[in-house]
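Presented below is the structure to which this report refers.
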Amino acid sequence: AQKITQTQPGMFVQEKEAVTLDCTYDTSDPSYGLFWYKQPSSGEMIFLIYQGSYDQQNATEGRYSLNFQKARKSANLVISASQLGDSAMYFCAMREGSTDKLIFGTGTRLQVFP
Amino acid sequence: EAQVTQNPRYLITVTGKKLTVTCSQNMNHEYMSWYRQDPGLGLRQIYYSMNVEVTDKGDVPEGYKVSRKEKRNFPLILESPSPNQTSLYFCASSFNGLNTEAFFGQGTRLTVV
């Protein structure tokens, strides 16, 4: 069955440092997409980055990169040069090709301190 | 402006009183879905719809109903709300397909007393 696991309920990082948020997934579908979303304290959901199962290279979007390890079924989000505004909840999500259903993990709360 | 609009943003109601949370998108998306967010549980899918008149249960459908009579609208109906349905609800929409990001509404915070 389709499943997303985020094992870190909370993470702390100092400003300007890099941080990795973990995400593992489980699916038997060879075709799938992986997403990361940010939810600041104001509550809205903000799309950050996407990785397709057939993509050869890791996705990058500005300070965000996705460390995609297909054999390990992991899709970790790396935030470089953390900023105070990065403090938020982060969700990993997956969409399977066979169902198009989009499911989410339980999230990781990131706190960036000066 | 491309957006997903949910109403109301906040709602306090009593047990058993039927309510509807509306969701509308202006991007001509085929896919729409409802999630509830609870502390420690992340976003759990309630129902989703691949297109008009096509709906399917998500992971936590009990106590909820949906309909998709028009492409742009996907209301969530609680026929007889109970306190365990107190939660933050999100509507989302996207085009069908693997690589399409979902756009979210602003959320509806529901309290059932």
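Express the relative contact order of chain B as a whole percentage, based on alpha carbon pairs under 8 Å and six or more residues apart in sequence. Could the numbers behind the result be given before it?
Working: 301 pairs, mean separation 40.5, N = 113.
Across chain B, relative contact order equals 36 percent.
In whole angstrom, note down how far apart the Cα centers of region B:66-113 and region A:1-43 are. Region B:66-113 and region A:1-43 have Cα centres spaced 22 Å from each other. For chain A, the relative contact order is 37 percent, taking Cα pairs closer than 8 Å that sit 6 or more residues apart in sequence and dividing their mean separation by the residue count. FRET efficiency for the pair residue B:109 and residue B:70, taken as 1/(1 + (r/R0)^6) with r the Cβ-Cβ distance and R0 = 25 Å, rounds to 0.45.
Only Cα pairs under 8 Å and at least 6 apart count here; give the relative contact order of region A:56-114 as a rounded whole percent. Relative CO of region A:56-114 lands at 25 percent. What you get for region A:4-114, charging only the Cβ of Lys and Arg (+1) and of Asp and Glu (-1), is a dipole of about 120 debye around the Cα centre. Output the pairs from A:38/B:17; A:70/B:69; A:16/B:57; A:70/B:71; B:18/B:57 with a Cα-Cα distance over 31 Å in this structure; if there are none, say none. Too far apart for the 31 Å limit: A:38/B:17; A:70/B:69; A:16/B:57; A:70/B:71.
Considering only A:20, A:82, A:71, the residue lying farthest towards the positive end of the dipole of chain A is A:71, judged by Cα position with unit charges set on Cβ.
Here, each number is a calculation from the coordinates, and none is a lab measurement. It should be emphasised that the depicted structure is a prediction, and the values quoted were computed from it without experimental measurement. Glycine also receives a Cβ, built like all others from the backbone with ideal geometry; neighbour counts cover every protein chain displayed.
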